[in-house]
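Derivation of every value follows stated rules applied to the coordinates shown; laboratory data play no part. Just so it is clear, the structure is predicted and the values come from calculations on it, not from any experiment. Every residue, glycine among them, receives a Cβ derived from its backbone with ideal geometry; neighbour counts consider all protein chains shown.
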Amino acid sequence: MNDLIIKSGNLVNPGGDISGIRDIYIKNGKIIGIDEDNTKLNSPKIIDAENQIVCPGLVDLSVRFREPGLEKEATIYSESMAAVSSGVTTVCYMPDTQPVIDTPAQIKLVENIFKDVDLCKVKVLASLTKNLDGKNLSSMMELKQAGAIGLTNCFNPIDSLLVLRRAMEYASGHNITLFYQPHNTSLANDGCVHEGKISNKLGLPGIPSAAESIAVAQAILLSKLTGVKLHLCRISCLESIMLIRNAHSAGIQVTADVAIHQLFFDESSIHNFNSDFHVIPPFRTKDDLVAIQKAIQEETIAAICSDHQPHNEDAKQAPFANTQHGIASIELLLPLLMELVDLGVLDLNTAVAKVTSNPANILGIDSGVIRKGSPADLCILKKDKWTFNNSKRISSGMNNPFTGKNFNNCVDKTICNGKIVYENK
Amino acid sequence: MSENKEINLDNENKNNSDIISPKHLRHFLDIENLPKSLILDILDLAESFAGVSGQPVKKVPLLRGKTIVNLFFEASTRTRTTFELAAKRLSADVLNLNLDFSATKKGETLLDTLRNLEAMHCDMFIVRHPSSGAAEFISKNVSPNISIINAGDGRHAHPTQAMLDIFTIRKYFPDFKKIKVAIVGDILHSRVARSLMHALRILEVPDIRVIGPKTLLPVGVEDMGVTPYVDMDKGIKDCNVVIMLRLQTERMNSSFIPDEHEYYNLYGFSPKRLDLISKNGIVMHPGPVNRGVEISSEVADGNRSVILQQVSNGIAVRMAILSLSMQP
């Protein structure tokens, strides 16, 4: 591995003390100095980052790379390539693979594949219940000891509040973070779009906002009861945001994230049954969109993730309700984020914090910050007009509603553990 | 944010993409985007076909040599039969496929089923499917020489039923701008209601009402240009046309109503409710009728009921739609 000097880049480093035009010195995968004339480097490769932004490598709180079990849709290799092309250097791996990640051996398996692929780092979220059944707790502490960064039940319901309470209590005692996707399946009632204008117009079964916000309220109250470290995944409606704000002002420690696509679309995007817009939680109203955009300007929603869910072509080839939900857009995470900056929704520093230091803090890992001694996980970003289309696509996932969209920014290089893992050519 | 516009370029020209020329349709999927003039043209053409059924030889040679497939993924008697009769009276060859029992049960995907039927060189698919948007999905994936007629997709649309309903209404009330129309019952699960609301709005009916318990009225139904009522007596007051809907218990997966007895008391068309509607008012029902649940036998079989006329009119209206939609 070459030693590296990244010269004259504009450091955007919201989680750290140092920013502005700086030189970064990298040796053995670590940042050994910033702006110091460091002679310890051994014939370093020099990267000229003048007029470019240098930020910490992105930490993505939710990805599905489909391996093991669904390699026909995507693999850890194919999706890691897509991830690093967007500056992502750490991904949180969701446990709903086949088989489900609910044993230490499953965690090791995934970690080993990532090591072999050697592009980005992985933090595994293991299953909260055995086989995601929502009833029987998995061996939570064993999973933590095996490296699980937290536990989640993904989209799968935990119908009994008593089971959820016990899971939280147990997790709280062992300092395990619970990643909870708020979704009351009984109220969602097999819906596939937001209940409102669009469900009415298209005659598709709707999911009311209350299916999410009621689950948010329950989880917040149980986290207060049990003291668990709770992270709410994929918030989509303004009622949930109000509840999180109230929790924060009552001193309840709860964090939340939103999927990047929720910052771009509302329910009207589905108007002609376009199944590329089939997501859970569904795209909601304009008011919800505005509320989410406001909530990410504050600390209410601390992180933005890709919620990457690649599918092959068949998955979307059916009438809307029969299609698989999810969007494969990890490779656009940073370009989309920069678009939010260009549109004035976020300032640059806040935008970068939402995908670097904030998610790293939620996970409790040494990442997402540029500082002396930290792993050299970095992303170099440049201004460049380009169009995302199928010939540019890196992910195996065909399901991307942003196809055809123009961007003003692109990732020039991604560095993970001091190694250049992506270069824009 | 104006994002949607930029990203969905292919969605922008959706309006009327199913219309090739003022007198020719590419597909017949939905009423929502049809111009008023085309709807009236279809009604006029149907009027001319209505005479065919009364002749000793009930056939015209318009679609001779064409093959039409009734592709039904959901059970149907009335709709499938009237489509079949309409196609046969236009001299087309008709194939009936009830797919809910065959291919799909063996794991074949919808697209593969379509590809196989395309390989048999058919000219038109008349499609009924339990999923909303199925007809639109099929129309996007079928080869360009094949027309798709939507015979009902999930809760979304049943445009030929709405056409035959307005055809029937016009027989009694030629001026749509002067009537009050009420649709009563299970609006939420009804594709007929959705298509009717569009048709009546396009025809500029000034007072369209939907009546039912809140559990069966879709959230935001006002956006369709209609006035919701929970009280049936108020809702049907002075209406010229009352369209009763079937209670679709097979689509109900949770408690929408307490029981059928209470439902009949609140929303059933009992004989005494005939006094509330306009003196010349008519009662309609798309069928099949649940007697004693949404309508009493006395009303269904009475002189204000036009339920069987709707069925006969269905043939003429479907003949008009088939002939306008067949590719040359």
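Tabulated data for the structure shown
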item: Neighbourhood net charge (10 Å Cβ-Cβ; Lys/Arg +1, Asp/Glu -1) for A:S127; result: -2
item: Spin-label model distance (nm) - B:D112 vs A:K383, 7 Å beyond Cα toward Cβ; result: 5.3 nm
item: Long-range amide H partners of A:K30 with built H, under 5 Å; result: A:A376
item: At least 18 Å along the helix axis (C-alpha) and Kyte average at least 1.0, DSSP helices within chain B; result: B:307-325
item: Cross-link table A:K27/A:K385; A:K7/A:K40; A:K45/A:K382, entries beyond 24 Å C-alpha to C-alpha; result: A:K27/A:K385
item: Separation of the A:K419 and B:K177 label points, Cα + 7 Å toward Cβ, nm; result: 7.6 nm
item: Value of [θ]222 nm, deg cm²/dmol, for chain A, DSSP H segments ≥ 4, -39500 (n - 2.57) each, nearest 500; result: -8000 deg cm²/dmol
item: For A:D384, residues with placed amide H under 5 Å, excluding near neighbours; result: A:N409, A:C410
item: 17 Å Cα cut-off, lysine pairs counted over the stretch B:161-261 (separation 8 or more, or different chains); result: 5
item: Cα shape, the stretch B:218-328, gyration tensor, a/c 1.5 rule; result: prolate
item: Residues A:C410, A:C120, B:C239 arranged by fewest to most Cβ contacts within 10 Å; result: A:C410, B:C239, A:C120
item: GNM result for chain A, Cα springs below 10 Å: residue of A:L333, A:L232, A:L202 fluctuating most strongly; result: A:L202
item: Cross-link partners of A:K72 among lysines (Cα-Cα below 27 Å; sequence separation of 8 or more within a chain); result: A:K108, A:K115, A:K121, A:K123, A:K130, A:K316, A:K392, A:K405, B:K105, B:K106, B:K140
item: The protein assembly as shown, dipole about Cα centre (Lys/Arg Cβ +1, Asp/Glu Cβ -1), debye to the nearest 20; result: 1260 debye
item: Amide H contacts under 5 Å for B:L276, placed H, 5+ residues apart; result: none
item: Relative contact order for the stretch A:131-223, counting Cα pairs under 8 Å that sit 6 or more residues apart, in percent; result: 24 percent
item: Note, ³J(HN,Hα) from phi for the stretch A:15-30, Karplus 6.51, -1.76, 1.60, rounded to Hz, x at Gly and Pro; result: x, x, 8, 9, 8, x, 6, 9, 10, 10, 10, 10, 9, 6, x, 10
item: Alpha-carbon centroid distance for the pair the stretch B:132-170 / the stretch A:291-307, whole angstrom; result: 41 Å
item: Relative contact order [Cα under 8 Å, 6+ residues apart], the stretch A:103-261, whole percent; result: 17 percent
item: Positive-end extreme of charge dipole, the stretch A:119-172 - chosen from A:I158, A:Y170, A:C120 (charges on Cβ); result: A:C120
item: Mean Cα-pair separation over length for chain A, i.e. relative contact order, pairs under 8 Å, 6 or more apart, %; result: 21 percent
item: Rounded to 5, the percent of DSSP beta bridges in the protein assembly as shown classed as antiparallel; result: 30 percent
item: Exposure proxy order (Cβ contacts within 10 Å, fewest to most) of B:S132, A:S19; result: A:S19, B:S132
item: Counting DSSP beta bridges with both ends in the stretch B:124-251, the antiparallel % (nearest 5); result: 5 percent
item: Whether the stretch B:195-282 is rounded, prolate or oblate, judged on the alpha carbon gyration tensor where a/c under 1.5 counts as rounded; result: oblate
item: Under the span-like rule (Cα at least 15 Å along the axis, Kyte-Doolittle mean at least -1.0), DSSP H helices of chain A; result: A:104-117, A:161-173, A:210-226, A:238-249, A:286-297
item: Gyration tensor verdict on the stretch A:62-140 (Cα atoms; rounded if a/c is under 1.5, prolate if a/b is larger than b/c, oblate otherwise); result: prolate
item: DSSP-defined antiparallel bridges as percent of all bridges, the stretch A:160-294, nearest 5; result: 0 percent
item: Residue among A:V59, A:V345, A:V193 with the largest mean-square fluctuation in a Gaussian network model of chain A, springs linking Cα atoms under 10 Å; result: A:V345
item: Efficiency of FRET from Cβ geometry, B:K272 and A:L137, R₀ 60 Å, rounded to 0.05; result: 0.50
item: GNM result for chain B, Cα springs below 10 Å: residue of B:G154, B:G314, B:G220 fluctuating most strongly; result: B:G220
item: Order of A:I244, B:I295 - criterion: other Cβ atoms within 10 Å of each residue's Cβ, fewest first; result: A:I244, B:I295
item: Dipole moment magnitude, nearest 20 debye, the stretch A:347-425 about Cα centre, only Lys, Arg, Asp, Glu C-beta charged; result: 240 debye
item: Inter-label distance for A:N189 and A:S391, nm, one decimal - labels placed 7 Å from Cα along Cα-to-Cβ; result: 4.9 nm
item: Straight-distance crosslink candidates among lysines, where the alpha carbon sits under 18 Å from A:K294 and sequence neighbours closer than 8 are dropped; result: A:K286, A:K354
item: 20 Å Cα-Cα reach of B:K59 towards lysines, excluding residues that sit fewer than 8 places from it in its own chain; result: B:K88
item: Sites B:E222 and B:S254 - FRET efficiency at Förster radius 30 Å, r taken between beta-carbons, to 0.05; result: 0.80
